[in-house]
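For reference, the structure is listed below as structure tokens.
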Amino acid sequence: MRAAILTLSDKGARGERVDASGPALSAWLAERGVTTVAAEVIADEYQQIIARLTAWADSDTADLILTTGGTGVSPRDVTPEATMQVVTRLIPGMAELMRLRSMEKTRMAALSRAVVGIRAQSLIINLPGSPKGAVENLEAVWQVIGHAVEKIRGDSSDCGERFTL
């Protein structure tokens, strides 16, 4: 599986903060055999987020596109809105599962507005901006990501009996 990681951070884009979330996600993915093929830090700018997500998905850069940052309630947090402009189908259950697992650790998870969806043949997942939160949220949905990517990429095999709790 190929992954691309987009970090949304005004300070990071200006060089005032080192991105720790992108490298943490890349390391976590590498431990699971996933190659990070692209990583970028950009400002919390609606149009820039749309442009990067669209370019990566439409050029088939990655099977899995992760964003980190911009999912909260501050005025500059526009990642979910930008993502909703990009995706053609939402997968609300994955976002709900991330919030559910996060709520077990902190009540602040109730403020997450992260979304998950599909564009072209890419699965796009919004994650929190902190390294710990980003990895924990990805871990919460990891068991379904491989299957989701297979289906998005056209796998037509039956799956009802393959997966049970």
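The numbers here are math on the coordinates, done by the rules we state, and not lab data. Here the structure is a predicted model, which means the values were calculated and not measured. Here the Cβ positions follow ideal geometry from the backbone for every residue, glycine too, while neighbour counts run over all protein chains shown.
Once you keep just the Cα pairs under 8 angstrom separated by 6 or more residues, what percentage relative contact order results for the chain?
24 percent
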Practice prompt. Largest first and in whole Å, give the semi-axes of the stretch 38-165's equivalent ellipsoid, each being the square root of 5 times a Cα gyration tensor eigenvalue.
Written response: 23, 20, 11
Worksheet entry | Computed lengthening from A20 to A110, 0.36 nm per intervening residue step minus Cα-Cα distance | 30.1 nm
Discussion item. Just to check I understand the Karplus step: with θ = phi - 60° and J = 6.51 cos²θ - 1.76 cosθ + 1.60, what whole-Hz values come out for the stretch 26-36, glycine and proline as x?
Written reply: 4, 5, 4, 5, 4, 5, 10, x, 9, 9, 7
Item to complete: Find the centroid of the Cα atoms in the stretch 59-100 and in the stretch 5-32, then give the distance between the two in whole Å.
Response: 16 Å
Response to the item:
The extension gain from E139 to S59, computed as 0.36 nm times the residue separation minus the Cα-Cα distance, is 26.2 nm
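Once the other residues with Cβ under 12 Å from the Cβ of I5 are scored (Lys, Arg +1; Asp, Glu -1), what is the net sum?
On the way: positive: R2, R52; negative: D19, E40.
Overall, the nearby charge balance is 0.
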Response to the item:
DSSP beta bridges in the chain: the antiparallel percent, rounded to 5, is 25 percent
